[in-house]
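S.K.: Sharing a structure here in structure tokens format.
Computed from the coordinates by the stated procedures, all read-outs in this text should not be read as laboratory data. Because the structure is a prediction, the values reported are computed rather than measured. As a convention, Cβ positions derive from the backbone with ideal geometry for all residues, glycine included, and neighbour counts pool all protein chains shown.
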Amino acid sequence: MSIFSTILEKLGLHKPAPAATAPAPQASAPKPAAPAPTSTTSAPKPAAAPASVQTAAAPKAAAPAQMPQAVAPAMPAAPKPISDVDVVKQLELKAKGTGLNWKVSIVDLLTLLDIDHSREARNELAKELGCPPEFMSDSAKMNTWLHKTVLHKIAENGGNIPKDLLD
């Protein structure tokens, strides 16, 4: 599991969940094959059963072509429920009384989420998120870039990050 995936998981913004949702509609596409075995069980009716299987298969063959079009709009709708995760509230509660300031420090943010915040772990996260090479050699620049990028990515995945932290 990547470090950023761990961040999303700790915040309740499960990135793998929408991917699991996408195959489900595809799983419904093979279901038209399920009526065929049902009509096979009614195989003692030789002429009527094959004709109904063929007529049922033809309309259902058109339905899966329409289904992916219906599935595509459904997938963008999935992130909307995720936006109900109040990331700010979670982090504020975790930070209460700790002296940690997740709003300005990537180290504090990772610490609050109980994720390794060592230089090596931050380097790995920076590489994972595509940090420019010129920032990798300067710890302060990398940390600043990393903090902004992580907050942006959390927001992209449905987290409620205040606009002033995203500027």
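S.K.: Can you tell me which residues in region 116-145 are within 20 Å of the chain's Cα centre (by Cα) and crowded, with 17+ Cβ neighbours inside 10 Å?
M.R.: Leu125, Ala126, listed by residue number.
S.K.: Residues of region 92-115 being out of contact with any Asp or Glu (no Cβ under 6 Å at 6 or more places or on another chain), touching a residue at least 12 places away in the same chain (Cβ under 8 Å) and either part of a loop (DSSP other than H, G, I, E, B) or of a type in the set (Gly, Ala, Ser) (or both), which ones?
M.R.: Ala95, Thr98, Lys103, Val104, Ser105, Leu113, Asp114, Ile115
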